[in-house]
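See below for the structure under consideration.
The values are calculated or read from the model by the stated rules, or taken from the named source; none is laboratory data. Keep in mind that this is a model prediction, so the values were computed, not measured. Cβ placement follows ideal geometry from the backbone for every residue including glycine, while neighbour counts extend to all protein chains displayed. Accessible surface is based on the protein model in full, side chains and every heavy atom, while ligands, DNA and RNA are left aside. Shrake-Rupley method; radii C 1.70, N 1.55, O 1.52, S 1.80 Å.
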Amino acid sequence: MKKSNFVAGVVYVLAGIGFLLAGLLTNTNVDALLFGFAGACMGPGCVMLFRYFYWSSSKHKKEYHEKLEKEQIELHDELKEKLRDKAGRYAYVLGLIVVGVSIPAFGVLNKLQLVDVSNVLIIFLFIYFIFQYVAGAAIFKMLLKKYE
């Protein structure tokens, strides 16, 4: 496994520790965000380090090379490449429709003073982020079933 994977894992863990210390040593309104950033950095960092040590061990090297070969074949498969592009395009168009409908909806809600748009907007953007990812993956799987 590449040394860059190890370095990236260490950087992530150190950044997570930095955020954790900042959250513990300060008493501000952003402490919750700092703890969230700490978890968001330390979790993937630990996984990267675990994978590095797991796949670098001598008993897993052959298995790792086979896994890399399969990944390269899957990555450069022309059909799957075209389907990924198509799924991305569909998810993009779907996202544009959602944003196009949301802008006037939030405008009306704000003018009628029914909700505090700032909190709703943050929650909406989080849900939209998840929606975009899930939509892209689901569309890719549907297209893959269609063509296989």
Total Lys pairs in the stretch 1-71 closer than 16 Å by alpha-carbon, pairs eight or more apart in sequence or interchain only?
7
Cα gyration tensor shape for the stretch 43-100, rounded if a/c is under 1.5, else prolate or oblate
oblate
Rg over Rh of the stretch 8-93, using C-alpha atoms and the Kirkwood radius, what does it come to?
1.20
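For the chain, what is the accessible area per residue in Å² when the probe is 1.4 Å?
Values: 11280 Å² over 148 residues.
Result: 76 Å² per residue.
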Grab the alpha carbons of the stretch 1-55, take their convex hull, and tell me the volume per residue in Å³.
48 Å³
Among [x] 19.4; [y] 16.0; [z] 15.3, only one was calculated for this model; which label is it, if the read-out is Kirkwood radius over Cα pairs in Å?
[x]
Size of electric dipole in the stretch 44-148: Cβ of Lys, Arg +1 and of Asp, Glu -1, about Cα centre, debye, nearest 20
140 debye
The chain, accessible surface, carbon-and-sulfur percent (1.4 angstrom probe)
69 percent
Calculated [θ] (222 nm, deg cm²/dmol) that DSSP helices of n ≥ 4 give over the chain, each run adding -39,500 (n - 2.57)
-31000 deg cm²/dmol
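How would you rank 103-109, 35-41, highest first, on the average number of other Cβ atoms within 10 Å across their residues? Spell out each step's value before the answer.
Values: 103-109: 11.4, 35-41: 16.1.
The most tightly packed comes first, giving 35-41, 103-109.
Sort 70-76, 50-56 by packing, meaning the average of other beta carbons within 10 Å per residue, with the highest value first.
On the way: 70-76: 9.9, 50-56: 14.9.
Going by the mean number of other Cβ atoms within 10 Å, highest first, we get 50-56, 70-76.
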Please report, ordered by residue number, every helix of the chain (full DSSP H runs) that is 20 Å or longer along its axis going by C-alpha atoms and whose mean Kyte-Doolittle hydropathy reaches 0.5.
3-25, 31-56, 117-147
